[in-house]
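The values are calculated or read from the model by the stated rules, or taken from the named source; none is laboratory data. Keep in mind the model is a prediction, meaning the values are calculated, not measured. All Cβ positions, even for glycine, are placed from backbone atoms using ideal geometry, and neighbour counts span all protein chains on display. Side chains included, ligands, DNA and RNA excluded: accessible areas come from the protein's heavy atoms. Shrake-Rupley method; radii C 1.70, N 1.55, O 1.52, S 1.80 Å.
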Amino acid sequence: MAFELPKLSYSYSALEPHIDARTMEIHHTKHHAAYTNNLNAAVQGTNVSNKRIEEIMAVVSKLPVAIRNNGGGYYNHNLYWEILTPGGANAPHGVLLDAINDSFGSVDSFKEAFVKAAVTRFGSGWAWLIQKENKLVVSSTPNQDNPLMDVAEVQGTPILGIDVWEHAYYLNYQNRRPDYVEAFWNLINWDEVARRFKG
Amino acid sequence: MAFELPALPYAHDALEPYISAVTLQFHHLKHHQAYVNNVNNLIVGTPFENATLEEIVRKADGGIFNNGAQVYNHTFYFEQFAADGCREPQGELKAAIEKDFGSTEAFKEQFNKAAATLFGSGWAWLVKTADGRLEIVQTSNAGCPLRDGKTPLLTCDVWEHAYYLDKQNLRPKYIEDFWKVVDWQVISKRFSA
Ligand SMILES: [Fe+2]
């Protein structure tokens, strides 16, 4: 069964002015679509062609690099679209808020760590909020790697992620990655992040 | 001693329509400048405070390497272009390319593939090895062949910032246009140096 490019639950212009419609459209219909197509080609004829993407991520070290790169690109963008929303909740709440406070001291300290991870990831990659047993941690990965991969330095379940490939922000922010990261903060769907958190 | 951002040997709009003025302005005045500023700040109080850029590329690690090598790589990249340059390899370099790749077309095809398939941010290079052979190599992020004892001759920046305003996701289109601004006289000088 082939992997499919998911539809977004909001329009390409819905995240403006923080993320512009043209960036969204190219990101989804070109970049994400290419990862999806390339992943389907890469798994064809392998013993993971019928596995779920999460299962594939867990064993990428044993698979061709095209599966790691495109499988990561496929999974990561799926998550990215889902944790973004035009009318995102204003702040983390409930058991997720408790876990953030337990792990980082405060939402502000968590934000500081997350922003720093996103801004300082050199080259292309992602910054993450990860659930690791009962703790939350912030990390970043290069290129399309993610915390589900057995090659990741910090492994766990990603519950929030920001794409810091230049394609995610260059049309609107050019070299100003910190401005994009700050804008991203206004778009986080904390209900979705909470749903992914297993308290 | 602080490093300085080198001026371009041409105007920011000189490479249009192949590389736009706005792309070159951001690339040179923002990205390249930031690498210069960062390496200058990072070397203070370290063994690299008085090092040359080449020493940093060869020996430094972490942020000093990343920023220092990006200064080196970008200077090297910008210097190889000209509005009215020589668009095909000439003389001894042409002969060397034909010897090691079969033909200029075969070389370009192999270089294009290296540039198109480098995953993430990085560079594709034509280099001369210690024993005088020509090779094509890919480096990730700030990677530079000098570090592996190879002499860089030609490079294509495939960080998305090098082409995203002009070509967006179409990296192969950027690589195709890249050849229209390379000045092979510069590459020949590097080859004979
Ligand atoms: Fe992306």
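Residues that are under 30 Å from A:PRO17 (Cβ atoms): list the helices (runs of 4 or more DSSP H) wholly contained in the stretch A:35-105 that include at least 1 such residues. So that I can check it myself, show each step before the final result.
Values: elements: A:53-57, A:65-83, A:94-104.
Those helices (runs of 4 or more DSSP H) span A:65-83, A:94-104.
So that you can scan it fast, the table gives a plain yes or no per residue for (1) in contact (Cβ under 8 Å) with a residue 12 or more places away in the chain; (2) more than 15 Å from the chain's Cα centre (by Cα); (3) away from the ligand (no atom under 16 Å from the Cβ):
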site	(1), (2), (3)
A:LEU84	yes, no, no
A:GLY87	no, yes, yes
A:GLY94	yes, yes, yes
A:LEU97	no, yes, yes
A:SER106	no, yes, yes
A:PHE110	yes, yes, yes
A:PHE114	yes, no, yes
A:VAL119	yes, no, yes
A:GLY125	yes, no, no
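For the stretch A:122-135, the set of residues classified as in contact with a helix residue (DSSP H, G or I) (Cβ under 9 Å, 6 or more places away or on another chain) and more than 14 Å from chain B (Cβ to nearest Cβ) consists of A:ALA127, A:TRP128, A:LEU129, A:GLN131, A:ASN134, A:LYS135, listed by residue number. Scanning the stretch B:137-193 for residues that are farther than 19 Å from B:ALA21 by Cβ, within 14 Å of another protein chain (Cβ to nearest Cβ) and assigned to a helix (DSSP H, G or I) yields B:ARG171, B:PRO172.
Scan the stretch A:179-199 for residues that are within 14 Å of chain B (Cβ to nearest Cβ) and part of a strand (DSSP E or B) and report the count. Write out each step before concluding.
As a first pass, look at the stretch A:179-199 and keep what is within 14 Å of chain B (Cβ to nearest Cβ): A:179-180.
From the residues that got through so far, the ones that are part of a strand (DSSP E or B) too are none.
Number of matching residues: 0.
Could you look through the stretch A:152-178, keep only residues that are within 14 Å of chain B (Cβ to nearest Cβ) and more than 15 Å from the ligand (Cβ to nearest atom), and pick out the one that is nearest to the chain's Cα centre (by Cα)? Looking at the filtered set, the residue picked out is A:PRO178. The criterion of being away from the ligand (no atom under 16 Å from the Cβ), closer than 12 Å to A:TRP81 by Cα and away from chain B (no Cβ under 14 Å) does not hold for A:LYS51. Exactly one residue out of B:LYS113, B:LYS59, B:LYS128, B:LYS150 is within 21 Å of B:ASP183 (Cβ to Cβ), at pLDDT 95 or above and surrounded by 13 or more Cβ atoms within 10 Å (Cβ to Cβ), and it is B:LYS128. One residue alone among B:ALA106, B:ALA60, B:ALA82, B:ALA7 is among the aliphatic types (A, V, I, L, M), touching a Phe, Trp or Tyr at 6+ places or on another chain (Cβ under 7 Å) and free of Cβ contacts under 8 Å to residues at least 24 places away in the same chain, and that residue is B:ALA60. Just one of the listed residues (A:VAL119, A:VAL138) is away from chain B (no Cβ under 14 Å), more than 21 Å from A:ALA14 (Cβ to Cβ) and at pLDDT 95 or above, namely A:VAL138. Checking each residue in the stretch A:23-48 for being more than 14 Å from the ligand (Cβ to nearest atom) and open to solvent by 70 Å² or more (accessible area, probe 1.4 Å) picks out A:ASN37, A:GLN44, A:GLY45, A:ASN47. Residues that are open to solvent by 50 Å² or more (accessible area, probe 1.4 Å), more than 14 Å from every other protein chain (Cβ to nearest Cβ), within 16 Å of the ligand (Cβ to nearest atom) and not polar (S, T, N, Q) are absent from the stretch A:56-68.
May I ask you to verify whether A:TYR74 is among the aromatic types (Phe, Trp, Tyr), out of contact with any Leu (no Cβ under 7 Å at 6 or more places or on another chain) and at pLDDT 95 or above? Quick ask: steps written out before the conclusion?
Details: among the aromatic types (Phe, Trp, Tyr): yes; out of contact with any Leu (no Cβ under 7 Å at 6 or more places or on another chain): no; at pLDDT 95 or above: yes.
The answer is no for A:TYR74.
As a summary of the residue check, B:PRO89 satisfies the conditions (1) assigned to a helix (DSSP H, G or I); (2) open to solvent by less than 60 Å² (accessible area, probe 1.4 Å) except for the one numbered (1). Number of residues in the stretch B:16-45 that are outside any helix (DSSP H, G or I) and under 12 Å from B:TYR77 (Cβ atoms) equals 1.
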